[in-house]
Amino acid sequence: MKRFGVSMEDGLLQKLDKIVSKKGYQNRSEAIRDFIRDHLVEQDSLDPKKEVIGTLTIVYDHHAHDLSDKLTYIQHDYHKNIISSTHIHMNHDKCLEVLILKGKSYKVREIGDRLISTKGVKHGKLVITATGKI
Ligand code: NI
């Protein structure tokens with residue numbers, strides 16, 4: 001670990017300290033390291049050819065016509081990229097699925113886009129994270 005000095009205006013430093021205290025960081029350094037890692041992960045996710053891992057959450061109404069079949073069909077198109085899937089029956093009508101996806105960034109985004117945009121999916125969110133190298 002190396003140390004370096006950072007110059008910052010008062011206003012920005014106050015905002016940093018608020019975040020440090022609100023999120024419960026031990027100190028400024030820990031927070032700044034997290035911000036840099038988050039930035040690096042985001043940069044990787046924007047590079048279509050970078051290997052990434054992500055979680056996709058979708059909520060849908062299983063009564064919607066053919067919807068469960070359509071979602072399963074799409075998932076089988078990407079069986080090599082879907083390394084885990086969990087299905088929860090939220091209530092009488094709604095289902096929640098969480099998929100863990102791995103592969104090139106463009107492919108992981110494509111899977112997210114196809115599933116989230118399927119008619120009848122009420123909510124969906126893709127979160128891309130690092131593959132462990134950061
Ligand atoms: Ni269900």
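What to note about this one:
- Given charges at Cβ of Lys, Arg, Asp, Glu: the stretch 77-134 dipole, positive-most of 79, 111, 128: 128
- Per the Cα gyration tensor, the chain maps to an equivalent ellipsoid with semi-axes of 38, 18, 11 Å, ordered largest to smallest.
- The stretch 49-115: Rg to Rh, with Rh as the Kirkwood radius over Cα pairs: 0.99
- One decimal place: the segment residue 129-residue 76 gains 16.8 nm when fully extended, by the rule 0.36 nm per residue minus the C-alpha distance.
- Segments 56-67, 34-45 sorted - mean Cβ within 10 Å per residue, highest first: 56-67, 34-45
- Percentage relative contact order, the chain, counting C-alpha pairs under 8 Å, at least six apart: 32 percent
- Rounded to the nearest 20 debye, the dipole magnitude of the chain is 420 debye, with +1 charges on Lys and Arg beta carbons, -1 on Asp and Glu beta carbons, and the Cα centre as origin.
- Given charges at Cβ of Lys, Arg, Asp, Glu: the chain dipole, positive-most of 59, 90, 5: 5
- Based on every Cα atom in the stretch 1-48, Rg and the maximum pairwise Cα distance Dmax equal 12.7, 38 Å.
- Extension gain (nm, one decimal) between residue 53 and residue 6, 0.36 nm per residue minus Cα-Cα: 13.7 nm
- Cα-based shape type of the stretch 84-126, given that a ≥ b ≥ c are square roots of the gyration tensor eigenvalues and the cut on a/c is 1.5: oblate
- Over 31 Å (Cα to Cα) - which of 23/119; 50/70; 18/49; 2/50; 102/122; 2/125 fall in this group: 23/119; 18/49; 2/125
A short reminder: the numbers here are calculations on the coordinates, not readings from a lab. These numbers were taken from a predicted model, which means no experiment stands behind them. Neighbour counts are summed over all protein chains in view; Cβ atoms, including those assigned to glycine, are modelled from backbone coordinates with ideal geometry.
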